[in-house]
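Dropping the structure in here first, questions after.
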């Protein structure tokens with residue numbers, strides 16, 4: 001469209017995805033990116049670097065369809081910059097009454113999606129286009145956190161210099177936005193990975209890109225390394241145990257045997273050395289039992305997969321009987337639960353965060369003081385020096401060793417990494433299950449994460465969001481309230497938004513939203529199992545309990561562990577016979593309807609399942625696109 005009586009100047013069309021140009025009248029530089037909203041990756045990529053997002057609202061529709069609602073919900077959960085609302089066709093309505101009715105319906109729809117009382121702008125004439133440009137140039141911009149914390153560049157053009165069959169040196173052109181970009185820092189090319197810079201050149205005229213002069217080259221002594229994980233020495237895994245004389249002796253009750261003493265855990269005031277740093281840094285239950293696994297089930301016109309039915313059954317069972325499992329009959333309980341231990345108090349008992357760490361923890365990094373390190377990193381990123389290029393500069397950035405197959409027609413965005421953000425560690429996120437997700441999400445299920453500027457897949461561990469130093473693992477994603485997701489991934493400093501999707505053969509579905517909490521490998525996540533028994537005979541405060549164990553040896557093994565029921569606490573006094581009956585003493589008399597239970601705990605760790613999202617392979621026939629077509633708006 002062309003504003004009446006005014007020409008904004010030449011626009012260059014670098015590719016089909018966006019158009020850029022200058023306006024002498026508004027003294028502003030514009031870049032318009034048009035993205036198909038069905039391609040969520042490209043859309044979110046453009047929104048993260050936009051100052052203004054323009055929504056085109058339907059004129060004759062009062063409500064959005066289900067797909068559009070999920071799309072809008074995902075955008076709102078992620079966060080948006082300044083928003084402007086267009087209604088195509090509003091100016092074509094003949095009567096003022098029709099215009100007012102349509103405008104009111106659109107305003108109600110906009111208000112429903114929490115966009116506030118934003119003005120509705122028609123876009124049916126040249127004057128409407130001029131008014132839109134004026135509004136965009138003069139409106140107050142509300143940058144997102146990702147734009148305030150990091151430098152970024154929307155690639156207008158690029159060219160490749162092949163290094164070998166798979167790699168190339170990539171020269172990208174565009175304007176530096178956000179914070180200043182330091183040539184010694186690493187950059188993240190979305191969909192490709194993290195890379196080092198060869199040099200940065202500043203161009204005075206965006207058209208004459210061949211006349212750029214190299215002014216900044218990285219200092220080898222200051223340039224950030226691409227190392228993302230530690231290469232552990234297998235010899236360092238050897239454990240040297242102290243002698244018996246070096247071990248501290250606990251004060252035990254009189255008459256306690258050594259066998260029983262092994263089950264007594266001190267919940268005292270032991271404290272860990274905080275300065276120590278380590279180098280790793282009710283549905284279809286009966287139908288599910290008769291149908292074949294993974295066989296589709298059609299019930300009242302709804303097709304369900306039997307895998308989903310099994311998830312519903314397990315989730316409902318876990319809600320009714322949290323963490324309860326059946327003691328195996330064919331295997332001794334002391335063998336089945338040999339990795340579990342009892343805790344005198346879940347809140348106060350001590351658990352060493354350095355104990356029995358998995359091998360994968362020898363490959364990750366840890367901050368000695370996370371809060372202090374974050375403060376130092378954020379402060380240093382604000383400093384401009386001779387190695388930085390300031391906001392608003394048109395530059396050519398040369399990136400070394402970029403995979404050629406990652407380049408295609410999708411928008412390219414470059415982010416400057418903060419120090420340490422290329423390193424792997426344990427990232428904790430605060431999430432909340434999305435209202436549109438009705439399918440149970442299992443713990444350690446593979447999910448797709450949009451974390452700030454990164455996209456990757458992982459199998460996270462869910463845990464409760466509570467106070468304390470120990471946190472109970474959740475077997476399913478909680479339907480209500482906040483919870484913590486823990487996974488091994490590259491370090492990302494908060495605040496940073498998180499979107500979580502579950503993928504199937506057909507589509508992806510938004511399952512949770514939230515933000516990054518911290519980076520802490522010492523977070524202790526405990527998996528609880530509850531063994532249950534039934535009182536067989538009751539006499540005052542004494543009861544004979546059965547079905548918790550099935551042999552005498554197991555009863556002797558778990559004898560020091562505390563039992564509990566509804567408002568009752570007790571202990572195992574002795575085994576009766578050889579078939580799992582045991583005499584127990586409680587602080588109050590039990591009822592025949594009570595269930596006797598025992599809690600056991602085991603620490604769980606997130607597995608190394610990090611899988612970065614890479615662009616699909618697209619053959620790049622032209623390694624340089626330098627055609628500029630003139631157009632007017």
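Values quoted throughout were computed directly from the atomic coordinates according to the rules given, and no laboratory measurement underlies them. Owing to the predicted nature of the structure, the values given are computational and were not obtained by experimental measurement. Positions of Cβ are backbone-derived with ideal geometry, glycine not excepted, and every protein chain shown enters the neighbour counts.
Please give the contour-minus-distance gain from residue 335 to residue 564: 0.36 nm per residue of separation, less the Cα-Cα distance, rounded to one decimal in nm. Present the calculation step by step, with values, prior to reporting the outcome.
Numbers: separation 229, 0.36 × 229 = 82.44 nm, distance 2.27 nm.
Extra length from residue 335 to residue 564 when fully extended: 80.2 nm.
FRET efficiency for residue 466 and residue 508, Cβ-Cβ distance as r, R0 = 30 Å, nearest 0.05?
Numbers: r = 30 Å, r/R0 = 1.01.
Result of the calculation: an efficiency of 0.50.
Counting only DSSP beta bridges with both residues in region 17-129, tell me the antiparallel percent, nearest 5.
Details: 6 of 14 bridges.
Antiparallel: roughly 45 percent of the beta bridges in region 17-129.
For residue 579, put the label point 7 Å out on the Cα→Cβ axis and report which residues of region 316-339 keep their amide N under 19 Å from it.
Residues passing the 19 Å test: 327-333.
So for region 371-528, considering every pair of alpha-carbon atoms, how many percent are separated by more than 27 Å? List each step's numbers first, then the result.
Details: 4425 of 12403 pairs.
In whole percent, the long-distance tail amounts to 36.
Give the relative contact order (percent, whole number) for region 526-603; include only Cα pairs under 8 Å separated by 6+ residues. Present the calculation step by step, with values, prior to reporting the outcome.
Working: 184 pairs, mean separation 32.3, N = 78.
Value for region 526-603: 41 percent.
What list do you get for 485, 571, 404 if you sort them by fewest beta carbons within 10 Å?
On the way: 485 27, 571 13, 404 18.
Going from sparsest to densest Cβ surroundings: 571, 404, 485.
To continue, here is another question. Taking neighbour Cβ counts within 10 Å as the exposure measure, how do 437, 192 sort from fewest upward? Please list the in-between numbers first.
On the way: 437 18, 192 21.
Ascending Cβ contact count within 10 Å gives the list 437, 192.
Now for a separate question. Any idea how far the Cα center of region 136-155 sits from the one of region 545-588, in Å?
64
Tell me, how many Å apart are the Cα centres for region 334-364 and for region 305-331?
Rounded to whole Å, the Cα centres lie 24 Å apart.
Need one number: % antiparallel among DSSP beta bridges in region 526-603, to the nearest 5.
On the way: 27 of 27 bridges.
Here the share of antiparallel DSSP bridges comes out near 100 percent.
Separation between the residue 138 and residue 92 pseudo-spin-labels, each 7 Å from Cα along Cα→Cβ, expressed in nm?
For the pair residue 138/residue 92, the computed spacing is 2.9 nm.
Which value, in Å³ per residue, describes the convex hull spanned by the Cα atoms of region 68-112? Before the final figure, lay out the partial values.
Numbers: hull volume 3.8 nm³, N = 45.
Measuring per residue, one finds 85 Å³ for the Cα hull of region 68-112.
Counting other C-beta atoms within 10 Å, which of 165, 198, 142 has the fewest, and how do the rest follow?
165, 142, 198
What nm value, rounded to one decimal, do you get for the distance between residue 379 and residue 104 when each label is placed 7 Å out toward the C-beta?
Calculated label separation equals 5.8 nm.
Quickly work out the residue 607-to-residue 391 label distance, labels modelled 7 Å from Cα along the C-beta direction, and quote it in nm with one decimal.
Rounded to a tenth, the inter-label distance reads 4.4 nm.
Okay, moving on. Would you mind classifying region 526-603 by shape? Square roots of the alpha carbon gyration tensor eigenvalues, ordered a ≥ b ≥ c; an a/c under 1.5 is rounded, otherwise it is prolate if a/b is larger than b/c and oblate if not.
Working: a/c = 1.79, a/b = 1.16, b/c = 1.54.
Verdict is oblate for region 526-603.
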